[in-house]
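The values are calculated or read from the model by the stated rules, or taken from the named source; none is laboratory data. Predicted model, so just to flag it, every value in this text is computed and none were measured. Quick reminder, even Gly has a Cβ in these numbers, built from the backbone with ideal geometry, and neighbours come from all protein chains shown. To get the accessible areas, we keep the full protein, side chains included, count just its heavy atoms, and leave off ligands, DNA and RNA. Shrake-Rupley method; radii C 1.70, N 1.55, O 1.52, S 1.80 Å.
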Amino acid sequence: MKVKQNMFKTDGEVFSIKMHFLYIFIAVLSVLHVQTVSASEQAIQNLEFSSLSGNKVQIKLELQQTPEEPSVFQTDNPSRIALDFAGTASNLGKKSFPINQGAVNTVYVVEASGRTRVVVNLMETVEYQTRIVDNHFYLIVSAVKAVANNDKIAKAQLKQANVGRFLPQQGINGIDFRRGSKGEGRLMIALNNPNTVVDIKERGGKILMNFLNTQMDANLAKKYDVIDFATPVKTINAQRRGNGVSISVATVDGNFDYSSFQSEGMLTVEFRPLTAQEKKTLVQNKFPFTGNKLSLNFQNIEVRSVLQILADFTELNIIASDSVGGSVTLRLNDVPWDQALALVLKSKGLAKRESGNVVFVAPSAEITKMEEDELKARKVVEKLEPLVTELVQVNYAKAEEIQALLTGQNIVQSQSSSQNKYNPANNTSSATNSEESRSSESDGMLSPRGSSTVDSRTNTLIIRDTAKKLEEIREWVTLLDVPVRQVIVEARIVIASTDFSHDLGVKFGVANKSHENFGFTGTGVGNPGGNTSVLTDLGTALAATPQGALAMTLARGADYLLNLEIEASEGNSKAEIISNPRVMTSDRVQASIKSGVQIPYQTSSESSGPVTELVDAVLELNVTPQITPSGSVILELDIKKDNPGAPEIIAGATTLPIQTRQIITTVQIEDGETVVLGGIYEMDFSDTQNEVPWFADLPGFGWMFKNKSLSDLKGELLIFVTPKIVKNTLTLN
């Protein structure tokens, strides 16, 4: 019984102890609750600003309770003052407050991570003061330091004057401006000293040139308007400043690049025009960072705090992984914010991933693993996503060629596969892009599960793939299925020839009435046909049909006649042969046109005997045009003109030789312009004199035994070509 009583007493004591600890726990929670409520009650209730004497600006923040001294830091570029109130909320109705007084531009109030940041945007870096009175916080911003800026300018001018004292006296004798052949502008400055020191820099879209210790005539100190030259340069302003000269060049826009060189007392600054894309590429190649510049100076600041500062400056949404930590010491003056971010990430082994205006920051290994996981997840989704069949109409291109692009095959393979898988029943050919059939070197646009079929009759693609892939394929087909521009290529082949000939000679002979002829020794022979007035050429034979002849009988006696005939011939002919082939074809498609004859000739062999073959003697034009983005045309040309020549007897057989004229070249020509591709000039001159030995040397009678022949043949071949791009005249109403 006593034991039971002791046991009951023990249970009561235990219960008392439990209740005692429960009371203590409730009391602790109450204290913590009171502290939490007290901390949560600290908030910014109101923001006011006012102007003070001396062009100062006072910003007053009203809080619920007396605030603690906030963390304050200031940036120079851009000029800002940032105030961090820890454990403070913002009950203000908005975040932005325009001030536009004194040196203050705007004020931003942002609440995040259990604190409130107040950012004061300044027009320039100025001094400030802070003080706390009861539950009010005061920020007093000093006035704009105009006097200080003037002092900086004066100091810079004084510095240049001091540097100029150590330079020899220099001078500018003349200023000239010219336009180059490609639209570039050249500013040419004549100097009296070939070693003139000049400082050239670009600032605010202008090119500034400062000449120290340099003199210039008063008539050169003026503003030159050169916009009529159609170059990147708009105006040139030359001024005398102190003991030096300043020349500023204003451009039409910022799309230009410049270079300068000095030679033999002439300074030349060249401004080359650029497109907007070329200028953007040039700037990125020179310096890839394009963000607004800022200055940061911190000792042992947390990386998360730096990211928060950059987020406030750029108004980007920056998300930091839980594994981002550590501290960093920064001293960056006037650097782009994206360069500052890259330096911080690189120094701590971090990387970023951008999506719109959200930047995710994490260790490089973590981002790499995240991307790998996302890629694996997408592949799993693609394997599970259902397939959809869709018909895509191809209007201008061949459906087989589009299919070759989708499956990653070249056109030759596509055509051969189409022939192998062609089904005459429905005029279709099919191809798949499965992992077993596709090449490892060239993957198409179809997914591993996708397939495509071509209906040649309607030029339609039948594609079976996932919905996402089908959307991508439709976009690509829309871009590729466009009408190809066409080109008319016209060639003119001009063959001009001039032929001049001159012949002079004598025929001299004796004949009798009994038809027995006695001619002098020469190339001529007696006429067996019975002509009693047969004469003999004492030189070479003259023209078969002389243009003029004089015949006479020198002596007649009994049965003999002594005859003499003088013949003269002169010919002058001009000929011009023009061939004008033309052909129309699509861009990058070869075209050919030819016209002519086929000449038969015989060949023989021991097995088959005589065989007659045909050889082409044609006028032929082969061309492949390529239209460039600038509107010119690149032509791959093969032009040939063959003509049958005069019959010749070779080995007892009459053959026709072929005169061949051909040119193979590649040229670039502007649309509608005509260019001379080439030409051949030929000249054949001969002056021949034949005579009878001894008789030709007789005084007074030697001319009767001579024959003269003069021939002058000139020929020229010229080939012209003109491409014309066919304009698309179809318009949609």
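Computed quantities for the displayed model
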| item | result |
| --- | --- |
| Amide proton proximity set for Ile658, modelled H, under 5 Å, gap of 5+ | Gly645 |
| Accessible area (Å², per residue) of segment 199-245, counting only protein heavy atoms and a probe of 1.4 Å | 57 Å² |
| Cut-off under 5 Å, modelled amide H: who pairs with Leu619 long-range | Ser595, Gly596, Asp642 |
| Simple label model, 7 Å out from Cα along Cβ direction - Val328 to Ser711, nm | 9.2 nm |
| Per residue value of the accessible surface for segment 575-716 (all protein chains in place, 1.4 Å probe), Å² | 66 Å² |
| Segment 211-344, relative contact order [Cα under 8 Å, separation at least 6], % | 18 percent |
| With every protein chain in place, segment 572-725: carbon and sulfur % of accessible area (1.4 Å) | 52 percent |
| Whole-Hz couplings from phi, Karplus 6.51/-1.76/1.60, listed for segment 114-124; x for Gly and Pro | x, 8, 10, 10, 10, 10, 9, 7, 10, 6, 7 |
| Gain on full stretching of the segment that runs from Ile680 to Ile301 - 0.36 nm per residue minus C-alpha separation | 128.3 nm |
| Pairwise FRET efficiency - Ile634 versus Asn357, Cβ, R0 = 41 Å, nearest 0.05 | 0.40 |
| Nearest-0.05 FRET efficiency for Ser71 and Asn105, computed from C-beta distance (R0 30 Å) | 0.85 |
| For segment 718-727, 3J(HN,Hα) per residue [Karplus equation, 6.51 cos²θ - 1.76 cosθ + 1.60, θ = phi - 60°, Hz, x = Gly/Pro] | 10, 10, 10, 9, 9, x, 9, 7, 6, 7 |
| Segment 344-389 - accessible surface per residue (Å², probe 1.4 Å) | 69 Å² |
| Ordering of 348-359, 617-628 by packing [mean C-beta count within 10 Å, highest first] | 617-628, 348-359 |
| Inter-site label distance for Val380 and Ala86 at 7 Å from Cα along Cβ, in nm | 4.3 nm |
| Whether segment 303-352 is rounded, prolate or oblate, judged on the alpha carbon gyration tensor where a/c under 1.5 counts as rounded | oblate |
| Long-range amide H partners of Ile318 with built H, under 5 Å | Val359 |
| Full-stretch length increase - Glu613, Leu47 - with 0.36 nm per residue and alpha-carbon distance subtracted | 193.3 nm |
| Computed FRET value (nearest 0.05) for Asp134 with Asn55, which takes r as the C-beta separation and R₀ as 30 Å | 0.65 |
| Solvent-accessible area, 1.4 Å probe, carbon plus sulfur percent, for segment 315-364 | 48 percent |
| Phi-based couplings in Hz for segment 675-688 (Karplus 6.51, -1.76, 1.60; Gly and Pro marked x) | 10, 8, 6, x, x, 10, 10, 10, 9, 10, 10, 9, 9, 10 |
| Of all accessible heavy-atom area on segment 180-238, the percent that carbon and sulfur account for (1.4 Å) | 47 percent |
| Qualifying GluC sites (Glu not before Pro) in segment 671-725, DSSP loop, other Cβ atoms within 10 Å at most 13 | Glu673 |
| Extension gain, Thr498 back to Lys724 (0.36 nm per residue minus Cα-Cα distance, nm) | 78.0 nm |
